[in-house]
Amino acid sequence: MAETRRTSDTFHEKAQLAAGKPAPFGEDIDLKKFDSSAEERPYQPDPSEFPLEAKERMLEAGVVVDDLGQRAGTFIQMDNAPVHSSVRQEDIEVMPISQALKRYDWILDYWWRAVAVDTDKYTAKVELNQYNGYFIRALPGAKTIYPVQACLYLAKPRLAQSVHNIVIAEENSELHIITGCTTASDEQTGLHLGVSEFYIKKGAKVTFTMIHNWNPEVAVRPRSAAIIEENGLFLSNYVLMKPVWSLQMYPTARCVGENAVVRFNSVLVAGPGSSLDVGSRVILDAKGARTEIISRAITTGGNIIARGYVEGTAPDVKGHLECRGLILTDKGMIHAIPELKGTLPGIDLSHEAAVGKIAEEEVEYLMARGLTRSEATATIVRGFLRVDIEGLPPLLGAELQRAIEASERELM
């Protein structure tokens with residue numbers, strides 16, 4: 001026990017030293033403007049009993065609470081308090097991270113291993129202040145029939161919601177997760193600080209689909225990283241089509257086992273007043289590792305910085321980075337920053353980036369076939385946002401497309 005306490009104390013000490021350390025890029029957020037704690041909320045064994053407005057907000061973020069039959073497990077956190085946790089599959093574990101830390105002393109072997117506690121002041125605040133989060137684990141050989149869902153719900157105005165999540169897919173397991181983040185209203189201010197660490201063991205597969213449904217007064221600072229072992233697969237999908245004040249995220253995946261595979265797919269829409277600094281970073285650190293980063297970005301008046309970084313440090317690795325941006329008004333900005341780094345012969349890294357407007361000839365072509373200008377524009381935008389995601393289960397793929405299509409109607 002002494003060693004466990006000393007390790008925890010070390011994390012705390014590092015966080016204290018990093019408490020004022022800004023992120024290397026992205027708008028700086030004054031943490032003093034937000035509350036660090038919130039009142040406890042009652043546990044709800046039946047999430048269908050949540051208020052209708054809360055359920056509707058969750059549903060917009062892809063989280064279903066009225067019928068859990070098509071979910072392997074469910075976790076819901078309001079502010080900093082877990083209010084529901086359940087599991088419907090024997091070889092899958094879903095629980096609040098606070099409960100997991102009490103149950104398994106070995107979790108400290110994963111705690112702040114993929115993400116450094118002293119990354120910046122945002123990770124430091126998560127460690128130093130009241131937090132919770134989810135622990136999701138697939139046991140060896142387990143395969144989820146339905147996805148596990150998690151909802152992080154921001155209800156208290158001016159709260160800095162702190163979350164630390166751990167996801168572990170044991171050897172030869174298959175885990176599908178859909179997580180939705182949302183707020184109680186379209187007007188309240190708030191800050192979301194989310195640390196997520198993923199551990200994909202030998203031969204395991206994880207698909208992680210995140211749908212953000214924030215509002216124009218919320219700042220968001222996720223800090224995520226994944227470690228993928230031999231023949232493992234990590235497929236990450238990110239969708240943001242609703243307004244947000246400020247978002248900065250740069251998830252990192254490190255392939256440490258031979259033939260490990262990582263794919264990042266993102267769909268971003270920045271409305272007026274939104275500032276998005278979003279990217280993905282992959283380190284191909286083992287022979288035969290592969291990655292693909294695909295980004296689709298649209299601005300209707302906001303600013304988007306779309307980053308991508310692939311580094312090859314082992315033989316026979318392959319990576320491709322693709323970023324495409326569409327500017328629909330004369331007030332928005334998209335800045336694509338693709339980066340490749342190779343350190344030895346025999347690697348294959350490539351990228352392509354394009355930013356522009358809708359081609360007038362495409363609009364005219366569709367109008368000549370009977371569509372109005374607005375219908376033609378909507379058709380082109382819809383096609384632009386469609387990203388074919390290889391390896392996504394049909395159920396999850398259908399839900400992802402429904403979320404995108406629902407937001408498209410508001411966009412157009």
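The values are calculated or read from the model by the stated rules, or taken from the named source; none is laboratory data. Because the structure is predicted, anything quoted here is derived from the model rather than measured. Heads up, the Cβs are rebuilt from the backbone with ideal geometry, glycines too, and the neighbour counts pull from every protein chain shown. Just the protein is used for accessible areas: all its heavy atoms, side chains included, with ligands, DNA and RNA removed. Shrake-Rupley method; radii C 1.70, N 1.55, O 1.52, S 1.80 Å.
Could you rank 335, 164 by how accessible they are, 1.4 Å probe, largest area first? If you can, show how the numbers build up before the last one.
Details: 335 90, 164 0 Å².
Putting 335, 164 in descending order of accessible area: 335, 164.
For the stretch 5-43 and the stretch 199-225, write down the distance between their C-alpha centroids in whole Å.
19 Å
Cross-link candidates for residue 32: which aspartates and glutamates have Cα within less than 17 Å, leaving aside residues fewer than 8 places away along the same chain?
120, 127, 217
Relative contact order of the stretch 11-105: what whole-number percent is it, with Cα pairs under 8 angstrom and at least 6 residues apart? Intermediate values should be presented prior to the final figure.
Working: 72 pairs, mean separation 19.6, N = 95.
RCO, the stretch 11-105: 21 percent.
Quick check: from the Cα gyration tensor, does the stretch 1-123 come out rounded (a/c under 1.5), prolate or oblate? Provide the component values of the computation, followed by the final result.
Details: a/c = 2.29, a/b = 1.41, b/c = 1.62.
Since a/c reaches 1.5 but b/c is at least a/b, the shape of the stretch 1-123 is classed as oblate.
Give the peptides 305-316, 236-247 in descending order of average Cβ contacts within 10 Å, highest first. Please report the intermediate quantities before stating the final value.
Values: 305-316: 20.8, 236-247: 22.6.
The packing order, highest mean first, is 236-247, 305-316.
What are the lysines whose alpha-carbon lies under 27 Å from the alpha-carbon of residue 202, with same-chain residues fewer than 8 places away excluded?
Cross-link targets: 102, 143, 287, 318, 341.
For every helix of n ≥ 4 consecutive DSSP H residues, a contribution of -39,500 (n - 2.57) applies; sum these over the chain, divide by its total residues, and give [θ] at 222 nm rounded to the nearest 500 deg cm²/dmol. Before the final figure, lay out the partial values.
Values: 7 runs with 79 residues, N = 412.
Taken over the chain, the calculation gives -6000 deg cm²/dmol.
Under 16 Å Cα-Cα from residue 331, which aspartates and glutamates qualify once same-chain neighbours fewer than 8 residues away are excluded?
Those aspartates and glutamates meeting the cut-off do not exist here.
Considering only protein heavy atoms, what per residue accessible area in square angstrom results for the stretch 15-132 with a 1.4 angstrom probe? If you can, show how the numbers build up before the last one.
Details: 5900 Å² over 118 residues.
The answer is 50 Å² per residue.
For 202, 55, what's the largest-to-smallest order of accessible area, 1.4 Å probe? Show your work: numbers first, answer last.
Working: 202 90, 55 35 Å².
The residues order as 202, 55, largest area first.
Take the alpha carbon atoms of the stretch 100-159, find their center, do the same for the stretch 354-369, and report the distance between the two centers in whole angstrom.
First find each Cα centre; the distance between them is then 45 Å.
Just add up the charged neighbours of residue 188: K/R +1, D/E -1, any other residue whose Cβ is under 15 Å from the Cβ of residue 188.
Working: positive: 33, 57, 156, 158, 242; negative: 35, 53, 79, 186, 187, 217.
Net of charged neighbours comes to -1.
Over the stretch 186-282, with every protein chain in place, what whole percent of the accessible area is carbon and sulfur at 1.4 Å, could you tell me?
Roughly 47 percent of what the probe reaches on the stretch 186-282 is carbon or sulfur.
Indicate the gyration tensor shape class of the chain (rounded, prolate or oblate), computed on the Cα atoms with a ≥ b ≥ c the square roots of the eigenvalues: a/c under 1.5 is rounded; otherwise a/b larger than b/c is prolate and the rest oblate. All intermediate terms of the calculation are to be shown ahead of the outcome.
Numbers: a/c = 1.44, a/b = 1.21, b/c = 1.19.
Rounded shape, in that the Cα axes give a/c under 1.5.
Go through 122, 208, 189 and say which Cα lies farthest out towards the positive end of the charge dipole of the chain; charges sit on Cβ, +1 for Lys and Arg, -1 for Asp and Glu.
Toward the positive end, the furthest listed residue is 122.
For residue 46, what accessible surface area do you get with a 1.4 Å probe? Give it in Å², rounded to 10.
60 Å²
Write out the GluC sites (Glu not before Pro) in the stretch 314-354 meeting two conditions: DSSP loop, and at most 12 other Cβ atoms within 10 Å of their Cβ.
Working: sites: 322, 339, 352; in loops: none.
Loop-located and lightly packed - none at all.
Would you please put 344-351, 222-229 in order of how densely packed they are, using the mean number of other Cβ atoms within 10 angstrom per residue and starting with the highest? Walk me through the intermediate numbers first.
Values: 344-351: 13.4, 222-229: 23.6.
Highest to lowest by the protection proxy: 222-229, 344-351.
I want to verify a result. In a Gaussian network model of the chain, Cα cutoff 10 Å, which of these has the top mean-square fluctuation: 81, 289, 359?
Highest fluctuation among the options: 359.
Can you tally the net charge around residue 276? Count Lys and Arg as +1, Asp and Glu as -1, for every other residue whose Cβ sits under 13 Å from the Cβ of residue 276. Don't skip to the answer; put the middle values down first.
Working: positive: 221, 242, 296, 307; negative: 27, 277.
Residues near residue 276 contribute +2 overall.
Taking a 27 Å limit on the Cα-Cα distance, which of the listed pairs 14/242; 242/357; 156/242; 156/201; 121/205 fall beyond it? Before the final figure, lay out the partial values.
Values: 14/242 35 Å; 242/357 20 Å; 156/242 20 Å; 156/201 37 Å; 121/205 32 Å.
Cα-Cα > 27 Å for 14/242; 156/201; 121/205; rest within.
Just to verify a number: what accessible area does residue 27 come out at with the full protein assembly present, 1.4 Å probe, Å² rounded to tens?
Only protein atoms counted, so the area is about 80 Å².
Accessible area of the stretch 30-151 with a 1.4 Å probe: how many percent of it is carbon plus sulfur? Show your work: numbers first, answer last.
Working: 2590 of 5520 Å².
The computed percentage sits at 47.
Please list 145, 107, 358 from largest to smallest accessible area, probe radius 1.4 Å, with all protein chains kept in place. Walk me through the numbers on the way to the answer.
Numbers: 145 135, 107 0, 358 30 Å².
From most exposed to least exposed: 145, 358, 107.
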